[in-house]
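This report concerns only the one structure given below.
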Amino acid sequence: MANKVNIEKLTNDTLVLAMYLFEQGKYDEAERYFLEASEYGSVEALSNLGYLYQRQEKYDLAKEYYEKAIEKEDELSLNMLAIVYEHMQDAENAEKYYKLAIEKGVKEASENLGFFYFNNQRFEEAIEVFEEILTDNEKEILVPLAIAYANINNFEKSEEYLLKATTLNNIEAMYNLAILYINQQKYTPAKAFLEKAKKEGFDEKMIDNALETIEKSNG
């Protein structure tokens with residue numbers, strides 16, 4: 001029993017040191033101690049090694065250690081492995097592991113899957129995922145959800161979600177709503193949202209280009 005307690009303490013102490021070194025950017029030293037902790041049977045060390053290698057863009061190694069953590073039933077590593085597959089441009093496996101993570105109740109995997117679909121221009125699938133998790137993720141999701149709707153030509157829904165996002169003072173929403181209105185030749189509200197976005201710090205060059213479009217359209 002005493003030996004088990006000593007091993008656990010040694011493992012925890014080694015992990016704490018490894019994490020400290022990682023946060024300091026001393027990756028080689030952190031790697032050494034994470035590997036040592038993994039030899040004591042630490043699943044956390046395996047997942048942290050995966051993340052360490054991921055940060056260094058050593059994706060094959062990251063994949064190897066996330067898989068080892070998954071073998072020991074570390075469910076969070078399912079989501080992290082999916083992210084690695086995205087970086088490796090392996091869309092099939094990225095989608096597979098996001099879905100596996102969702103099945104295991106990893107909340108952030110749902111948002112990640114939504115953005116995976118969005119970034120791959122699979123807008124209908126992105127909408128389905130975003131709508132399911134919207135209540136808990138409004139700040140992050142409203143604008144991409146609105147853009148996804150615009151990409152399938154549902155401009156009414158796009159406007160609805162952009163307007164909602166502007167009430168949260170989202171300047172990206174203000175700009176995108178203005179562009180939507182410009183495309184619909186609704187220049188007065190477009191100009192109002194552009195000026196508000198500019199006041200709140202949105203990219204001035206993009207704002208000025210949009211305002212110039214309005215001026216030319218008004219002829």
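Results, tabulated for the structure shown:
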| read-out | value |
| --- | --- |
| Per-region count, the stretch 76-107, residues surrounded by fewer than 16 Cβ atoms within 10 Å (Cβ to Cβ), at pLDDT 95 or above and not hydrophobic (A, V, I, L, M, F, W, C) | 9 |
| Odd one out for Q89, checked against (1) in a helix (DSSP H, G or I); (2) free of Cβ contacts under 8 Å to residues at least 12 places away in the same chain | (1) |
| The stretch 117-129, residues that are over 14 Å from the mean Cα position of the chain (by Cα) and outside any helix (DSSP H, G or I) | Q121, R122 |
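The values are calculated or read from the model by the stated rules, or taken from the named source; none is laboratory data. On a predicted model such as this, the values are computed, not experimentally measured, just so you know. Note that each Cβ is placed from the backbone with ideal geometry, even for glycine, and that neighbours are counted across all protein chains shown.
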